[in-house]
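> Below is a structure I'd like to ask you about.
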Amino acid sequence: MGNSIQRLSVCVVLAAMALPHGRALAGASVPVQAPSPLGFNSANASGFVGGGHAGYNWQRGQVVFGFEADLQGTQLKSFMSDNLMVNPPGSLPPGSFAQTTTTVDWYSTLRGRFGIASGPWLFYGTAGLAFGNVGLTSDFGTLGVSTHLQTSEVRTGGVVGAGIEYLFRPNVSFNLLYQYIDLGRLNASSSDFFLLPPNGNAALNQSVSTRAQFQTVMAGFSWHFAPMPSGPWTGFYAGGQVGGAWGNSANASYDSAVFVPVFSDSRLKRDIVLLGRNSDGLGIYSFKYRWSDVTYVGVMAQEVALVHPEAVLRDALTGYLAVDYRRLGLRMVTLN
C-alpha cells in the first residue's frame with residue numbers, strides 16, 4: 001500500500017514538472033527569466049521636398065489637358081527611439097535601447113492633367129502612377145547584444161492631386177500643387193539569439209512596418225516652349241518646384257526574453273530524498289536549498305550530467321553546476 005502511494009505521488013509530481021505552464025521558481029529553476037525589455041513605437045514624418053517637372057498640354061477652348069512627369073527628393077524621415085518597459089516588472093537592464101527609422105528619400109510621378117482655363121488662370125486635377133524609394137532601419141538591444149534590420153525597396157503606387165497655375169508671361173507660369181501619394185506598405189522583422197556570459201541567454205525580436213502614404217504641397221514655376229496658336233497653354237513646358245511633405249506613418253514593436261543562470265548543484269542542497277525515477281532514468285528528488293526552508297522537487301545536476309550533459313551548465317568561477325530544465329522538458333515545482 002505504501003509503495004503504491006509513493007508511486008502515485010511520484011507520478012503526480014512528474015506530471016506537474018512536465019506542465020508547460022507549471023509554476024517556475026525564481027531562485028530555483030534554471031534558467032530564470034530576468035527583466036526583459038519590450039515596447040511599441042509609432043511616428044509620422046514631415047520634411048522638405050523639391051524637384052523638377054516636364055510635360056505637354058493641349059488646349060481646346062477653355063479645356064486644357066495633357067500629361068506631366070516629375071521627380072522629387074525628400075527628407076521624409078519617421079524616427080522612433082526607446083519607449084521601453086520590462087517584463088517581469090523591474091529596472092531596464094543595462095544597455096537597453098530601441099531605435100527605428102523609416103524613410104522616403106525620393107519619389108516620381110507620371111500623371112495625366114485635366115483643367116479649365118480662365119484668362120491667365122488654370123485650375124486642374126491630376127492623377128497617375130507614383131514610384132518611390134522606401135527604407136527601414138531598426139536596432140534593438142540589451143546587455144551588450146542587439147538585433148539589426150535594414151531594407152529598402154522601390155515601391156509603385158498611385159497619386160492624385162490638384163493645382164492652380166497662373167500665366168505670368170507668355171512663356172512663364174507659376175503654380176501651386178497638392179499631391180497625395182500612396183506607395184503601399186513595407187514590413188520587416190529580425191530575430192536573434194545570444195549566449196550571455198557565463199551561462200545566460202537572450203532572445204531579441206523586432207518588427208517594423210511603414211505605410212508610405214504621404215501628402216505634399218509645392219510651389220513652382222514652368223517655362224513654356226513656343227506656345228501654339230491654338231491657345232496659350234498648348235505645348236511643351238518644364239520647370240521646378242519646392243515645398244513640404246508629411247505622412248509616412250510607421251510602427252515598431254520590440255520584445256525579448258533574457259534568462260540568467262541559477263545554480264542547481266547537489267552541493268548547494270540539503271534534505272535530499274529520492275522520490276522515484278523518470279523514464280530516462282533520472283532521479284526525481286525533493287530537497288531544500290541550504291539558504292531556504294522551501295521544499296522543491298527536481299533533479300540533481302551531477303546526475304543529469306551523466307544522462308543529458310547538454311542540459312548542464314558549469315560556472316567558470318565557482319565550478320557549481322546548473323540544469324537547463326527546458327532541455328529536459330521539465331519544470332521544477334515546489335511542495336510548499
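> Residues with beta-carbon under 15 Å from that of ILE164, excluding ILE164: net charge, scoring Lys, Arg +1 and Asp, Glu -1?
Result for the local shell: -1.
> Efficiency by 1/(1 + (r/R0)^6): what FRET value for GLN213 and SER91, r their Cβ-Cβ distance, R0 = 56 Å, to the nearest 0.05?
0.90
> Another question, if that's okay. On a full-extension model of 0.36 nm per residue, what is the gain between ARG169 and SER46, subtracting their alpha-carbon distance, rounded to one decimal in nm?
40.9 nm
> What's the magnitude of the charge dipole for the stretch 36-259 around its Cα centre, counting Lys and Arg as +1 and Asp and Glu as -1 at the beta-carbon? Answer in Debye, nearest 20.
640
> Also, quick follow-up: With springs only between Cα atoms under 10 Å, which of LEU306, LEU176, LEU76 fluctuates most in a Gaussian network model of the chain?
LEU306
> Okay, moving on. Could you point to the residue in LEU282, THR318, ILE272 farthest towards the positive end of the stretch 245-323's charge dipole, with +1 and -1 charges on the Cβ of Lys/Arg and Asp/Glu respectively?
Going by the charge dipole, the pick is ILE272.
> At a threshold of 8 angstrom on Cα-Cα distance, excluding pairs fewer than six apart, so keeping six or more, what relative contact order does the stretch 123-193 reach in percent?
Normalised by residue count, the contact order of the stretch 123-193 is 34 percent.
> What's the extension gain from GLN302 to ASP82 if we count 0.36 nm per residue and subtract their Cα-Cα distance?
My answer for the length gained is 74.9 nm.
> While we're on this one: Counting only other residues whose beta carbon sits under 10 Å from that of ARG185, what net charge do I get with K and R as +1, D and E as -1?
Taking every other residue near ARG185 into account, the sum is +1.
> Using a Gaussian network for the chain with springs between C-alpha atoms less than 10 Å apart, which of these wobbles most: GLY231, GLY161, GLY240?
Comparing GLY231, GLY161, GLY240 in a Gaussian network model of the chain, the most mobile one is GLY231.
> Working from Cα positions, state the angle (0 to 90°, nearest 10) between the long axis of helix 2-18 and the longest principal axis of the chain.
Taking the Cα atoms of the chain, the angle to 2-18 is about 20 degrees.
> What is the calculated FRET efficiency for PHE123 to TRP246, with r their C-beta to C-beta distance and R₀ = 25 Å, to the nearest 0.05?
For R0 = 25 Å, the calculated efficiency reads 0.55.
> Now, a different point. From the residues VAL242, SER173, ALA212, which one has its Cα farthest along the dipole of the chain in the positive direction, the dipole being from +1 and -1 charges on Cβ of Lys/Arg and Asp/Glu about the Cα centre?
It is ALA212.
> Next up: With the contact rule set at Cα under 8 Å and sequence spacing of 6 or more, what percent relative contact order holds for the chain?
Reported as a whole number, the value is 21 percent.
> How far is the Cα center of the stretch 129-154 from the Cα center of the stretch 76-90, in Å?
Cα centroid of the stretch 129-154 versus Cα centroid of the stretch 76-90: 16 Å apart.
> Let me ask something additional. Looking only at trypsin sites (Lys or Arg not before Pro) in DSSP loops with at most 13 other Cβ atoms within 10 Å, what is the longest site-free stretch of the chain?
That gives 24-289 as the longest site-free run.
> Using a simple spin-label model with points 7 Å from Cα along the Cα→Cβ vector, what separation in nm is obtained for TRP106 and GLU310?
Distance between the two pseudo-spin positions: 5.1 nm.
> Show that you can apply the helix-only estimate: for the chain, add -39,500 (n - 2.57) for every DSSP H stretch of four or more residues, divide by all residues, and state [θ] at 222 nm to the nearest 500.
That comes out to -2500 deg cm²/dmol.
> Now, a different point. Order 41-47, 250-256 from most to least packed using the mean count of other Cβ atoms within 10 Å.
Peptide ranking by packing, descending: 250-256, 41-47.
> I want the local charge near PHE114. Using Cβ-Cβ distances under 12 Å, sum +1 for each Lys or Arg and -1 for each Asp or Glu among the other residues.
Spelling it out: positives minus negatives among the neighbours equals +2.
Any read-out appearing in this document is the output of simple, stated calculations on the displayed coordinates, not a laboratory observation. None of the values given here were measured: they were computed from a predicted structure. For neighbour counting, all protein chains shown are included, and Cβ atoms are generated from backbone atoms with ideal geometry for every residue, glycine included.
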